[in-house]
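A quick write-up on the structure given underneath.
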Amino acid sequence: MKRLLSIVTLLALAVTVRAEVIDVSESQSIQDAIKRANAGDTIKVMPGTYKESLYVDKDGIRLSGVIKDGHWPILDGENVLNDGIIVSGHNVTIERFVVRRYLGNGIMVQGANNFSILNNRVEGPGFYGIFPQYGQNGLVAYNVVSGNVTGIYVGMSKNLDVLHNESADNQDEGIETENSSQVLVEDNYSHGNAVGIVLHLIPGLPIKVAEQVVVRNNFVIKNDRGVEAKTDASSVSVIDSGTGQYPNGTGILIDAQDSSTIEGNLIEGNPSGAIYVTDQHAGQMFPVPDPKEDPYPDNNQILDNRFIGNGLKPYGRTLKLLSYLKRTQAPDLLVLGTGRGNCVLNKEALSTLGADAWSECPSGATSHAVTSMRLKEPVPSAPLTLEQKGRLAWLAVCTGCHSFSTRVMGPPMVAARAPYMGDPQKLADWIAHPTKKRADYPAMPPQSYLPPDVRLEVAKYVLEQLEP
Amino acid sequence: MTVKLSSPPYPACAASNKLRLVGIALAETLVLLMSIATVCVAQGVLPRNDTMPTVPHTQDAAEHAKYTCASFSDPSAKERAAAALSVQTSDKNALACAADLRFELANAAATDRAARIDALTSILSYVDHVRLLKVYELGQIDWPEYDLRLEHGATLAAKLIPTARQQWPQDAAILILCAAIERSLAGPTDPEKTLAAVEELKRAVTIDPKALGGLGQLYIGRTYLDLPPIFGGGADKAIPYLTEARDAAPDDPRALRSLTEAYDELGRSREALDSLRALANVSPRESDLQLFADEWRMGEGLATRLHSPELVASFAAKRADLMHQHPKLLSRKVESVWGHGETDPMSGRSDYDDTKRNPR
């Protein structure tokens, strides 16, 4: 036993000794440093502008920006590059970067666990500013995210803390959890988005549950993009997905989410209402019937929150809904659809609509016992296989522009892949340095930041596994 | 006969917010896209200061909505062709042609009740089929095409329904079909139109509760199930009608599945499972195999939620077998778009993997 302990100690020391700090300055490539780095290394990036996409697929990397005299390291996609940073290694930290002008996602964590995304400024235009997907045990904190479609998008993940962020002026949502469970969303400032905070169970995805999210002590202020303000609302869907629109101008949206808590938030000045709850039948934003998902929001509790001046000028979807009910203003709590076991604390103190089935929460109900949703210890994580990286890269990178059978921004993959069938290496080489091929489609951005083996794996997936 | 539908009523404005964003992904499209965005802004759909362009997929919509139908001078040949097309329930163009041909037959014989019923039935079938295509498409890329197709269905219906109601004001079957089409065209999106259609359906089933094998009750029940309580819906209201529909047509999988959902919503798990077991015992009809493939997909999911592994396995096996035998049946698999999709990238597996060779 003593000998075993000695070996473990020596190994630990060896790892400690091996951990290095790699400095990167403006004239150098961060991706080159990532290639050189080993697990446990820290890459310190000096202030300056770096025009590259980063792919971190090694475990234990700390990618750390250095701020000097107020100058940050800036990752600049120049409105050409797809993604700022894609992380597919476990135990990775990304901190102190400005990430801007990427067209896909700013900082994305894919299939990786035990991650931290700290103190970054992610500016659009982009799809999602910060986007952990298929991850467990992560921290997203002290970031400022603006100008994307969604600021912080937690996709199909578990055991996350989303703390102390500011998410503003995003086209859709400030913060969204999608088919995610055990997430603490606390002390964030979400303003100027179409919807402040969204808890969402989307049908048709591999993860079929969304539960145990605590939304607490956030400032959800003036989420009003004015997107539909000038429409006659005739094309705006009221109940079902219709045009796939959110109830814009809303503070907090709960869609088919279960066992979650809304507590201690300041919800102010959201023109279409403070809290909007819906089931998948009535209000789903994505309409795919997925019978494996329970479509109803169940066992949620709305506890002590502060509501100020919400619902005074509803528009779009909410306005149309209210107009059917001969109302001009939205209540604090609007419930569209059904659900089971939901409750409100001090229900009498709130204005509500459609919440007849919501009971009074037990006196003194609180989520204060929840201090973090992260696990006490890092979740053991096997390195991702090449196949997993390939599939994840398809989702993260390719599906932004391609679907299998129909035109998106790029041509349908069934057509695009045809010249490469049987030769995945040829496709892998092409995506690294693509050229414009089709007059009616834009040129594809280069994907050379992906390592050759990952590119090859994506190509194999596209050519050999992707089916209608 | 080639049917070309009208241009999309809006270039890209119906695209979701997500779709809009993808447009920014490539700067080369900016010029084209800005012209689209200009139109949208003119209609007040995009944000005032939003420079994010939209996706140009709608330019394909009219092309995709085209279909070709054979021409027939002989009415009986036309009738036979329409009948053959109407059972191709996985094929949107076949259903469209069936509706068109039967529409022509009904117009040519204005007093022929059977022709009118056939035409209305085919229009309903087409409209419901397209609505389902729309519903199953997570990416919403083809929605403009589907909207054009629904518009075409609405045009046909608008020409037949008023005269049908005038000519057969007490005919339950005619009234049910007219109201069902209106309900399907409105969808749950417009509660006023939907509830008006429900009232019409109720009137029809009062005239003849057994008309069309309980189809009226089925549509009433399904509508109540889909409508939120705030608009007068609810599972408790749906159940009596769905029960009548089931009793009138015990082998109609739609009534059984809807009953399962209604009982589940109310937490009546035992009754939900009873309905689900009954659904598992129904034999598929050759005339509508797609319906059974779809209902068994729903059945498998409901069995999962109701914790019945035995029924999960039963539905999955039956559906896989059916899909394997009929490779043109639609799988309803969700296509990957924008980082979403049915396949789990960690395992490489997706729901309904065994039917992935079938088209979506």
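The values are calculated or read from the model by the stated rules, or taken from the named source; none is laboratory data. Quick caveat, the model's predicted, so the values are computed rather than measured. Please note: Cβ atoms are built from the backbone with ideal geometry, for glycine as well, and neighbour counts cover all protein chains shown.
The table below lists the values:
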| quantity | calculated |
| --- | --- |
| Among (1) within 14 Å of chain B (Cβ to nearest Cβ); (2) buried (at least 24 other Cβ atoms within 10 Å of the Cβ); (3) under 21 Å from A:Ala274 (Cβ atoms) - the single one A:Gly155 does not satisfy | (3) |
| Scope the stretch A:42-66; condition free of Cβ contacts under 8 Å to residues at least 24 places away in the same chain and surrounded by fewer than 20 Cβ atoms within 10 Å (Cβ to Cβ); matching residues | A:Thr42, A:Lys44 |
| From the options A:Ile85, A:Ile74, A:Ile61, residue that is modelled with pLDDT of 95 or more and over 24 Å from A:Pro445 (Cα atoms) | A:Ile61 |
| Qualifying residue in the stretch A:339-350 (condition: more than 30 Å from A:Tyr461 (Cβ to Cβ), loosely packed, with under 15 Cβ neighbours inside 10 Å and of a type in the set (Val, Ile, Thr)) | no |
| The listed residue being outside the structural domain of B:His64 (by TED's automatic domain parsing) and within 21 Å of B:Ala293 (Cβ to Cβ), out of B:Ser125, B:Ser184, B:Ser90 | B:Ser184 |
| Residue within the stretch B:264-272 that is away from chain A (no Cβ under 13 Å) and out of contact with any Gly (no Cβ under 6 Å at 6 or more places or on another chain) present | yes |
| Residue list for the stretch B:283-304, filter: within 23 Å of B:Thr121 (Cα to Cα) and in contact with an Asp or Glu (Cβ under 8 Å, 6 or more places away or on another chain) | B:Ser283, B:Arg285 |
| Top-ranked residue in the stretch A:112-126 [being modelled with pLDDT of 95 or more and within 14 Å of another protein chain (Cβ to nearest Cβ); ranked as surrounded by the most Cβ atoms within 10 Å (Cβ to Cβ)] | A:Ala112 |
| Criterion (out of contact with any helix residue (DSSP H, G or I) (no Cβ under 6 Å at 6 or more places or on another chain) and closer than 30 Å to A:Asn91 by Cα) met by exactly one of A:Ala428, A:Ala396, A:Ala415, A:Ala439 | A:Ala396 |
| Residue that is farthest from B:Tyr263 (Cα to Cα), among those in the stretch A:295-314 that are within 14 Å of another protein chain (Cβ to nearest Cβ) and crowded, with 24+ Cβ neighbours inside 10 Å | A:Pro297 |
| Scope the stretch B:132-178; condition within 14 Å of chain A (Cβ to nearest Cβ) and within 15 Å of B:Ala99 (Cα to Cα); matching residues | B:Leu150, B:Glu151 |
| The stretch B:233-245 residues that are touching a residue at least 12 places away in the same chain (Cβ under 8 Å) and under 11 Å from B:Glu265 (Cα atoms), paired with ones that are polar (S, T, N, Q) and not in a helix (DSSP H, G or I) (beta carbon under 8 Å, 6 or more apart) | B:Ala235/A:Thr338 |
| Filtered residues of the stretch A:384-420 (kept if out of contact with any Gly (no Cβ under 8 Å at 6 or more places or on another chain), among the small types (Gly, Ala, Ser) and within 14 Å of A:Arg455 (Cα to Cα)) | A:Gly390, A:Ala393 |
| The stretch A:399-437 - residue that is basic (Lys, Arg) and within 11 Å of another protein chain (Cβ to nearest Cβ) and, of those, surrounded by the fewest Cβ atoms within 10 Å (Cβ to Cβ) | A:Lys436 |
| Top-ranked residue of the stretch A:211-224 - restricted to ones that are part of a loop (DSSP other than H, G, I, E, B) and buried (at least 24 other Cβ atoms within 10 Å of the Cβ), ranked as nearest to the other protein chains (Cβ to nearest Cβ) | A:Asn223 |
| Counted residues, the stretch A:160-172 - those being surrounded by fewer than 21 Cβ atoms within 10 Å (Cβ to Cβ) and not in a loop (DSSP other than H, G, I, E, B) | 3 |
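Residue-by-condition table, conditions (1) surrounded by fewer than 24 Cβ atoms within 10 Å (Cβ to Cβ); (2) outside any strand (DSSP E or B):
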{"position": "A:Gly174", "(1), (2)": "no, no"}
{"position": "A:Gln182", "(1), (2)": "yes, no"}
{"position": "A:Ile197", "(1), (2)": "no, no"}
{"position": "A:Pro206", "(1), (2)": "yes, yes"}
{"position": "A:Val209", "(1), (2)": "yes, yes"}
